[in-house]
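Peer 1: Following this message is one structure expressed as structure tokens.
Only the coordinates and a few stated rules stand behind these numbers; no lab work does. The structure displayed is predicted, hence computed values, not measured ones. Here Cβ is always computed from backbone atoms with ideal geometry, including for glycine, and neighbour counts include all displayed protein chains.
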Amino acid sequence: MKRTLILLSAGLLLAGCQMFRAEGPQAEAELLPTKGNTAKGTATFTQVGDKVRVHAVVTGLTPGQEHGFHVHEVGDCGSGDGMSTKGHFNPYGKPHAHFSTSERHAGDLPALKADASGRAEVTAELDVMTVAAGPASVVGRGLIVHAQPDDYRTQPTGNAGGRIACGVIRRVAS
């Protein structure tokens, strides 16, 4: 009985530690519409242990449609069409794939699924990327919302169409 209580207590302590992982550095992006589009929103990136929690809210999307969502190489939205962000952020030379696989671009994010009013909200914890300094850091990169769904197969972009919103991921002062 005593041994069972000790094991149970140890298990609860470990579970508690998992629930209260220390949060690390944060970054955020303000997404603004590219020329001729209406999509806009915000995204935050929070380092939580060895993963990054991404939370985004975007409005002005095509109602009821899925939209590709990716971190791109360059933090430059100056072109007006989002093309100055270049390709998907891919520091390890992996193929484009679904965000749930480890063999993917660091910039492959979950799709934005717009509701009937054109609003989407997504929260996910992802590996492969970091907010902390290093080769997989998203800080200083571009963030793009695409016009179409990501098919997670077509290389190297997922056939997600035009770029309808663009933002630069910037570190949040701590």
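Peer 1: Could you work out the per residue convex hull volume over the alpha carbons of the stretch 23-171, in cubic angstrom?
Peer 2: 85
Peer 1: Could I ask something else about it? Rounded if a/c is under 1.5, else prolate if a/b beats b/c, else oblate: with a ≥ b ≥ c from the C-alpha gyration tensor eigenvalues square-rooted, which is the stretch 46-112?
Peer 2: Because a/c hits 1.5 or more and a/b fails to exceed b/c, the stretch 46-112 counts as oblate.
Peer 1: Answer with one residue from 172, 147, 92: the one whose Cα lies farthest towards the positive end of the charge dipole of the chain, charges on Cβ with Lys, Arg +1 and Asp, Glu -1.
Peer 2: Farthest along the dipole direction, towards plus: 172.
Peer 1: Okay, moving on. Looking at the stretch 75-156, which chymotrypsin sites (Phe, Trp or Tyr not before Pro) are in a loop (DSSP not H, G, I, E or B) and have at most 15 other Cβ atoms within 10 Å?
Peer 2: 92
Peer 1: From the phi angles alone, apply the Karplus equation (6.51, -1.76, 1.60; θ = phi - 60°) to the stretch 105-111 and give each ³J(HN,Hα) in whole Hz, x where the residue is Gly or Pro.
Peer 2: 5, 4, x, 6, 10, x, 5
Peer 1: Treat each spin label as a single point 7 Å out from the Cα along the C-beta direction, and report the residue 86 to residue 170 distance in nm.
Peer 2: In this crude spin-label approximation the distance works out to 2.2 nm.
Peer 1: Among the lysines, which fall within straight-line cross-link reach of residue 86, defined as a Cα-Cα distance under 18 Å, with same-chain neighbours fewer than 8 residues apart omitted?
Peer 2: Of all the lysines, those that pass the test against residue 86 - Cα under 18 Å, at least 8 places apart if same chain - are 35, 94.
Peer 1: About the Cα centre of the stretch 23-171, how large is the charge dipole given +1 on each Lys and Arg Cβ and -1 on each Asp and Glu Cβ? Please answer in debye to the nearest 20.
Peer 2: Roughly 240 debye for the stretch 23-171.
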